[in-house]
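Taking it in order: structure first as structure tokens, then the write-up.
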Amino acid sequence: MIEPALALVEFGSIAAGIQAADAMVKRAPIDVIKTGTVQPGKYLVLIGGMVADVEESLAAGREVGATAVVDYILLPQVHPEVVEAVGGGRVPEVNDSLGVIETTTVAASIHAADAGIKGAEVRLVEVRLADGLGGKGIVLFSGLVADVEAAIEIGVGVLERPELLVCQVVIPQLHGEMWDNVAESTRFRTRVIGKL
């Protein structure tokens, strides 16, 4: 568990990211630290724990990473569905509509997911991060059309820079065959291997 606070720092340099992650874990006691490379040559550091400790650790990472920091987020009181989705969990619940937010960074996707799920009566179908997406992130919400529209508006509204948003869509009454595809996986390779 990485509640109640979650932070993520996205570095444009792998070496700088490793150095910053070391500083982060040394600065304050944190419950969880997960690090690694993602496409296209970025380094991610995800931490979780008590709010004050996560804030201190994040400050160390931003300080040491300096100009290599591409994006970051701090989510005190992160929503449990976001924690589950970041860990690879999926809620492939067929519902009235599907909303998608596509961002240029992983941090922006997580931020949009947390804001959207907290602000509207929706389910978080998936949060997909970086790998297989060229470093981008996508967030999928399901629910009634008005609720999904609200989640998309709220999620996009928290993005701090316009260039973080690639695209946003709400698809009312998503076709059943598309629900089947989205529910299983958004990765094309997963959908076609041994199934054609």
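Every number in this text was worked out from the coordinates using simple rules, so none of it is lab data. These figures come from a predicted structure and were not determined experimentally. Every residue, glycine among them, receives a Cβ derived from its backbone with ideal geometry; neighbour counts consider all protein chains shown.
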- Query: Gaussian network model of the chain, Cα springs within a sub-10 Å range: biggest mean-square fluctuation belongs to which of Ala113, Ala20, Ala68?
  - Reply: Ala68
- Rough spin-label spacing in nm, given labels placed 7 Å along Cα→Cβ, for Ala59 and Asn181: 4.8
- Applying 1/(1 + (r/R0)^6) with R0 = 41 Å to the Cβ-Cβ distance of Gln173 and Gln39, what FRET efficiency is obtained, to the nearest 0.05? 0.75
- Query: Helix 51-65 versus the longest principal axis of the chain: what is the Cα-based angle in degrees, 0 to 90, to the nearest 10?
  - Reply: 70
- Note on the structure: Length-normalised contact order of the chain, Cα under 8 Å, at least 6 apart, in percent, tallies to 21
- Task: Could you calculate, for the chain, the ratio of the Cα radius of gyration to the Kirkwood radius, expressed as Rg to Rh?
- Result: 0.99
- Item | Simple label model, 7 Å out from Cα along Cβ direction - Ile14 to Asp96, nm | 4.7
- Query: Taking 0.36 nm per intervening residue step and subtracting the Cα-Cα distance, what contour gain separates Lys118 from Asp22 on full extension?
  - Reply: 31.4 nm
- Query: How far is helix 14-27 tilted, in degrees, relative to the longest principal axis of the Cα atoms in the chain, given as a value from 0 to 90 rounded to the nearest 10?
  - Reply: 70
- Whats the longest run of the chain with zero GluC sites (Glu not before Pro) that are DSSP loop and have at most 16 other Cβ atoms within 10 Å? 1-92
- Give a quick list of trypsin sites (Lys or Arg not before Pro) in the range 102-188 that DSSP marks as loop, anything other than H, G, I, E or B, with at most 16 other Cβ atoms within 10 Å. Arg187
- Message: Quick check: the angle from helix 106-119's long axis to the longest principal axis of the chain, C-alpha only, nearest 10 degrees?
- Response: 60
- Query: Suppose R0 equals 22 Å; then what is the FRET efficiency for Ala146 and Val192 from their Cβ-Cβ distance, rounded to the nearest 0.05?
  - Reply: 0.05
- Item | Glu163/Thr67 FRET efficiency (R0 22 Å; Cβ-Cβ; nearest 0.05) | 0.80
- Message: Would the range 81-192 count as rounded, prolate or oblate if I go by the C-alpha gyration tensor, calling it rounded below 1.5 in a/c and otherwise prolate when a/b exceeds b/c, oblate otherwise?
- Response: oblate
- How high is the relative contact order of the range 5-76, in percent, counting Cα pairs under 8 Å that sit 6 or more residues apart? 50
- Dipole magnitude (debye, nearest 20) for the range 55-196, charges at Cβ of Lys, Arg, Asp, Glu: 520
